[in-house]
Amino acid sequence: MKTENPSPASPNSPSLTAGIDALTVRMLGTGCYVPERIMTNTELETIVDTSEEWIRTRTGIGERRIARSGQATSDLALAASQQALETAGVMADELDLIVTATISPDMLMPNTACFVQSRLGAPAATCFDLEAACSGFLYSLEVARHLLLAGRMQTALVIGAEKLSAFTDWDDRNTCVLFGDGAGAVVLRAEPATTPVHGILSSVTGADGNLAHLLTLPGGGSRHPTSGETVAGRMHYLKMAGREVFKHAVRCMSDAANGALQKCGLTIDDVDCIVPHQANLRIIQAIGQRLNVPMDRFYMNLERYGNMSAASIPVALDEAVRNERIRPGDIVLMVAFGGGFTWGATVMRWGTAGNGR
Ligand code: ACO
């Protein structure tokens with residue numbers, strides 16, 4: 001997808017939003033679910049050659065959640081979605097669209113959103129999954145927003161859900177200490193815009209497929225169909241060139257944040273809360289330095305959950321809203337980076353007088 005030109009080198013064109021200013025897309029409610037099982041860094045010391053101290057100082061992660069065997073990504077997504085619908089005061093049969101951002105679907109086909117639809121009872125919804133790794137939630141938000149603004153649909157459920165533990169190589173200390181399971185969801189609705197505009201104000205998305213090889217899950221697709229060889233080669237697990245990814249993540253997330261702010265005429269000083277993709281505390285600290293914002297402006301939950309890929313931002317957003325770190329009228333900046341490479345940033349003004357959130 002390349003809805004708008006998102007390259008940090010060439011900021012998105014503001015003209016693309018002309019003509020849709022009469023409507024705004026607002027988040028009516030959020031929800032999240034994380035599995036009960038906690039895996040600490042100390043427990044990981046018994047699995048691979050690592051230490052609590054290494055993981056904490058190099059990543060900022062203290063523990064992560066691990067789904068039960070038999071629990072699939074759609075199970076996590078369903079729980080988060082039910083909470084989001086309840087908070088929004090929206091019935092499942094009002095949904096016109098369900099998008100699930102995930103790199104760990106229940107199966108290659110059918111899509112995870114269809115499983116969620118069936119269990120929610122949302123017969124009117126169009127359902128699909130979107131894969132943009134850790135940027136998947138912001139990509140999905142952008143696709144859903146434009147379907148709503150186009151007048152095709154009115155109410156959407158956007159989910160970020162991952163059971164990464166199923167795709168983690170528990171023999172590889174470079175990756176297994178980083179990831180966790182969880183799901184977050186938001187309910188979106190197109191409404192006539194008020195002044196000032198509440199809801200999503202601007203967004204940028206982008207990708208650089210030339211760097212695809214740095215973060216992959218190579219086995220089980222049409223390039224390397226599942227075989228004895230792919231299983232023996234551990235190709236069904238996430239592979240990452242961490243140091244390279246780190247470098248690009250800092251640059252792309254900083255540039256995407258600036259691009260999205262520029263597009264809606266705001267600066268970083270206008271932002272009350274930044275909800276970043278939670279991959280590594282040092283990445284967020286480096287972004288803070290580049291953007292010249294103090295760390296307390298970022299909402300962080302990485303210490304408790306690790307990197308949940310597409311679920312990281314919606315889980316953090318839900319928490320920040322529930323514990324009133326985000327309040328009605330606040331300007332919120334969400335920013336992500338992930339495999340592909342992909343990246344995105346979204347700016348919104350939270351809440352309205354309508355539902356007080
Ligand atoms: N425990 C102990 N030592 C370790 C571990 C571990 N768990 N993992 C790696 N090491 C060792 C390495 O082997 C290496 O040892 P060596 O110097 O003897 O070779 C040393 O620690 C340093 O390794 P680096 O990879 O250079 O460590 P770095 O400081 O870069 O941290 C990390 C690695 C945490 C992966 C970091 O690079 C990172 O966060 N990268 C970005 C991840 C990210 O942003 N992903 C985004 C998207 S994820 C997605 O889309 C699914």
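Observations on the model:
- Residue 149, sole failed condition from (1) open to solvent by 10 Å² or more (accessible area, probe 1.4 Å); (2) touching a Leu at 6+ places or on another chain (Cβ under 7 Å); (3) within 16 Å of the ligand (Cβ to nearest atom); (4) not small (Gly, Ala, Ser): (3)
- Pair list, Cβ < 7 Å and 6+ apart or interchain, from the stretch 162-183 residues that are within 16 Å of residue 52 (Cα to Cα) to residues that are within 9 Å of the ligand (Cβ to nearest atom) and small (Gly, Ala, Ser): 174/242
- Residue within the stretch 103-110 that is among the β-branched types (Val, Ile, Thr), away from the ligand (no atom under 16 Å from the Cβ), open to solvent by 10 Å² or more (accessible area, probe 1.4 Å) and modelled with pLDDT of 95 or more present: no
- Taking the criterion of being within 12 Å of the ligand (Cβ to nearest atom) and within 11 Å of the chain's Cα centre (by Cα), the only residue of the stretch 161-179 that qualifies is 162.
- Total residues in the stretch 111-137, condition open to solvent by less than 10 Å² (accessible area, probe 1.4 Å) and either out of contact with any helix residue (DSSP H, G or I) (no Cβ under 9 Å at 6 or more places or on another chain) or not small (Gly, Ala, Ser) (or both): 3
- When residue 308 is tested against the conditions (1) out of contact with any Cys (no Cβ under 8 Å at 6 or more places or on another chain); (2) within 15 Å of residue 158 (Cβ to Cβ), the lone failure is (2).
- Under the condition of being within 20 Å of residue 203 (Cβ to Cβ) and away from the ligand (no atom under 16 Å from the Cβ), the residues counted in the stretch 275-309 number 4.
- The residue that is modelled with the highest pLDDT, among those in the stretch 193-245 that are within 14 Å of the ligand (Cβ to nearest atom), open to solvent by 50 Å² or more (accessible area, probe 1.4 Å) and among the charged types (D, E, K, R), is 239.
- Residue match in the stretch 300-316 (condition: assigned to a helix (DSSP H, G or I) and farther than 29 Å from residue 163 by Cβ): no
- The listed residue being of a type in the set (Asp, Glu) and closer than 18 Å to residue 188 by Cβ, out of 106, 129, 169: 129
- Check on residue 162, outside any helix (DSSP H, G or I) and open to solvent by 20 Å² or more (accessible area, probe 1.4 Å): no
- For the stretch 45-77, taking the residues that are out of contact with any helix residue (DSSP H, G or I) (no Cβ under 7 Å at 6 or more places or on another chain) and part of a helix (DSSP H, G or I), the one that is surrounded by the most Cβ atoms within 10 Å (Cβ to Cβ) is identified as 76.
- The condition (being surrounded by 19 or more Cβ atoms within 10 Å (Cβ to Cβ), in contact with a helix residue (DSSP H, G or I) (Cβ under 7 Å, 6 or more places away or on another chain) and either under 16 Å from residue 134 (Cβ atoms) or not assigned by TED's automatic domain parsing to the domain that holds residue 37 (or both)) is satisfied by just one residue among 274, 284: 274.
The values are calculated or read from the model by the stated rules, or taken from the named source; none is laboratory data. Nothing here was measured: the structure is a model prediction, and the numbers come from that model. Heads up, the Cβs are rebuilt from the backbone with ideal geometry, glycines too, and the neighbour counts pull from every protein chain shown. All accessible areas refer to the heavy atoms of the entire protein, side chains included, with ligands and DNA or RNA removed. Shrake-Rupley method; radii C 1.70, N 1.55, O 1.52, S 1.80 Å.
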